[in-house]
Amino acid sequence: MSVLHIIEIIIFIAASFGIYKLFKAKKYQIPTCLAVITLLFLILLFQFVFLPGHSGPSISFKGGDHLTLEVGTNYDVNSVIATDGLSDITDLLKADSTPDTTKTGEYTIRYTLEYKGDVYYKDRVVSVVDTTAPVIELKEKTAFLAMDNYDGDITANVQVETEQQKDGKYLLTYTVSDSSGNKTTATRTVETLDTEAPVIELNGNKIKVIMVGETYKDEGVKAIDNMDGDVSSRVQSDCGGSFKSDVAGIYKIQYTAEDSSGNKSTATRTVHVLNKIGYDSSLWKTPDGKGVVYLTFDDGPSEVTIKNLDILKQYGVKATFFIVNHNYNESTKPIIKRIIEEGHTLALHDGNNHDYDKTYGSKTSYLEGINRLHDQVLADFGYDARIIRFPGGASNQVSKKPSPGLMGTLPKLMLDNGYLYYDWNVDSTDATTTNAKDPVAIYNNVTKGLKQGRINVVLMHDIKSKTATNEALDDIIKYGIDNGYNFAAITEDTPLVCHNATNV
């Protein structure tokens, strides 16, 4: 209401009172007096409704200045009206924003009206709220799905409480809240609980190696569930869209199996795409430019292995242990168990008692020995050891006598059978006659061989005579830490560090 309207009301009241006094003094009829006053009121009402006051045009909002909307609904842009008396001037209005009704929150919209040389403003507050509770859909057996109008799939947020009833059945209570605090609960009774996920078994090897440009054909998996049986057809595989058979690298394929009760399990296959088999220093570069040190120990386990493990534990460093079968017995099983439990990599070196004539006696003898050692470790510890190192490395000469040309085919044979072989690019020389008992020489050879910006695979040994190696280990680790190196254990995700074979 403008000041002018207030003045008009005051004048109307005063005029009405004056007319009444005049008519009473002149003794005119009262109905005539009321008719005159009514006429004045109608004139005033017309002024209020149809003629603008001096305060300018009017901006009004259908639904009020503060509007509340449910998330996901539309904001009515036509709910704002501008008038000037009898004239509709809504089309002159301009809004500085519109509320995002897909997101909860409070939005302030300023409407601007430029009219007859003046500018008018009016703000409207729109609150977008989520008051709709999620929906829990109970599926087969104990499976369920939780969907929310705002958050989408929130099945992972569902809390399940299980209560066994007197009749032996189970009452399952599902509870979930969305991000706005809306809560839903659902219940059902089942006779048997299914909380066991399917077991996925990879067809073929869990590690595959192909050459750049070769076509990779995935062998798939088999998935068996305790309740649903064979669910292989439900398995989903994903490589993140990154697999490129024409680009050298390491790729992970993840398989996910889900049973009808919603229990999920995953398995992974690692695919190495190589430019060639053998020496390829382009694989050694580290993405962040820092050096990584892979400490490796051959020929154990032994008492020295225990001492090495103590030092590694002290610094929180992980390493790789290439074991041989003739040092694998009841007395050394606790050492192997400790290697696994403390997060190191248990790798395989030789399954033929380190007898080179047997180890390299034929095209398949080394593979057969490694398979025996692998199976023994798997049976004793449930550990699937797939990292190997050839005795003497891929560049060894000891295989030449029993099998000339063997190393021209053996590396590929091992790769095709799901094993990754690693040589070294830093030699501690602790296997040489000169330095075997000299911890200072071992330390110097290792530290001088380390380089930043690449993978550094350090060759050492841990048979019981290698006490000098153990004595040097503490200082080697300190040197690596002080000079910014990271330490790691070799895994199936480690790029191959290999020598070129010479017995080809």
Here is a list of conditions, (1) in contact (Cβ under 8 Å) with a residue 40 or more places away in the chain; (2) surrounded by 17 or more Cβ atoms within 10 Å (Cβ to Cβ); (3) more than 30 Å from Tyr216 (Cα to Cα), and Asp423 meets all of them except one; can you say which number that is?
-> (3)
Taking only the range 280-320 into account, find how many residues are without any contact (Cβ under 8 Å) to a residue 60 or more places away in the chain and assigned to a loop (DSSP other than H, G, I, E, B).
-> 3
Output for the range 70-109, where each listed residue is acidic (Asp, Glu), over 17 Å from Tyr120 (Cα atoms) and either touching a residue at least 40 places away in the same chain (Cβ under 8 Å) or part of a loop (DSSP other than H, G, I, E, B) (or both) | Glu70, Asp76, Asp100
Based on what the data block shows, is Thr215 exposed (fewer than 14 other Cβ atoms within 10 Å of the Cβ) and not in a strand (DSSP E or B)?
-> yes
Where a residue in the range 221-250 is over 30 Å from Val190 (Cα atoms) and free of Cβ contacts under 8 Å to residues at least 60 places away in the same chain and its partner, wherever it lies, is of a type in the set (Val, Ile, Thr) and not in a strand (DSSP E or B), with Cβ under 9 Å and at least six apart = Val221/Val235; Ser245/Val212; Ser245/Thr215; Asp246/Val212; Val247/Val212; Ala248/Val212
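Each row is one residue, and each column tells you yes or no for (1) modelled with pLDDT of 90 or more; (2) within 27 Å of Ala146 (Cβ to Cβ); (3) basic (Lys, Arg); (4) in a loop (DSSP other than H, G, I, E, B).
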| position | (1), (2), (3), (4) |
| --- | --- |
| Gly241 | no, no, no, yes |
| Val247 | yes, no, no, yes |
| Ile250 | yes, no, no, no |
| Tyr255 | yes, yes, no, no |
| Ser260 | no, yes, no, yes |
| Ser265 | yes, yes, no, no |
| Arg269 | yes, no, yes, no |
For the range 188-203, name all the residues that are open to solvent by less than 80 Å² (accessible area, probe 1.4 Å) and without any contact (Cβ under 8 Å) to a residue 24 or more places away in the chain.
-> Asn203
When the range 218-236 is examined, which residues are found to be of a type in the set (D, E, K, R), open to solvent by less than 40 Å² (accessible area, probe 1.4 Å) and in contact with a helix residue (DSSP H, G or I) (Cβ under 7 Å, 6 or more places away or on another chain)?
-> none
Does any residue of the range 149-169 turn out to be part of a strand (DSSP E or B) and either surrounded by 14 or more Cβ atoms within 10 Å (Cβ to Cβ) or among the aromatic types (Phe, Trp, Tyr) (or both)?
-> no
Does Thr112 fit the bill of being assigned to a strand (DSSP E or B) and surrounded by 13 or more Cβ atoms within 10 Å (Cβ to Cβ)?
-> yes
Flag for Tyr360 being hydroxyl-bearing (Ser, Thr, Tyr), open to solvent by 40 Å² or more (accessible area, probe 1.4 Å), in contact (Cβ under 8 Å) with a residue 40 or more places away in the chain and in contact with a helix residue (DSSP H, G or I) (Cβ under 8 Å, 6 or more places away or on another chain) = no
If you scan the range 130-148, which residues turn out to be open to solvent by less than 50 Å² (accessible area, probe 1.4 Å), in contact (Cβ under 8 Å) with a residue 60 or more places away in the chain and farther than 15 Å from Arg188 by Cβ?
-> Asp130
Hey, Leu172 under 26 Å from Thr68 (Cβ atoms) and either exposed (fewer than 13 other Cβ atoms within 10 Å of the Cβ) or among the hydrophobic types (A, V, I, L, M, F, W, C) (or both) or not = no
The lone exception for Val271 - which of (1) open to solvent by less than 10 Å² (accessible area, probe 1.4 Å); (2) out of contact with any strand residue (DSSP E or B) (no Cβ under 7 Å at 6 or more places or on another chain); (3) not polar (S, T, N, Q) it fails = (2)
Take Asp357 and decide whether it is farther than 17 Å from His499 by Cβ, within 40 Å of the chain's Cα centre (by Cα) and not in a loop (DSSP other than H, G, I, E, B).
-> no
Based on what the data block shows, is Val293 under 27 Å from Gly316 (Cα atoms) and open to solvent by less than 20 Å² (accessible area, probe 1.4 Å)?
-> yes
Does the range 38-63 hold any residues that are at pLDDT 65 or above, surrounded by 12 or more Cβ atoms within 10 Å (Cβ to Cβ) and within 25 Å of Arg124 (Cα to Cα), and which are they?
-> Gly56, Pro57, Ser58, Ile59, Ser60, Phe61, Gly63
Please work out if Leu378 is more than 22 Å from Asn503 (Cβ to Cβ), modelled with pLDDT of 95 or more and open to solvent by 10 Å² or more (accessible area, probe 1.4 Å).
-> yes
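The values are calculated or read from the model by the stated rules, or taken from the named source; none is laboratory data. Please read these numbers as outputs of a predicted model, since none were measured by experiment. Don't worry about glycine lacking a Cβ; one is built from the backbone with ideal geometry, like all the others, and counts go over all protein chains shown. Surface areas here come from the heavy atoms of the whole protein model, side chains and all, with no ligands, DNA or RNA. Shrake-Rupley method; radii C 1.70, N 1.55, O 1.52, S 1.80 Å.
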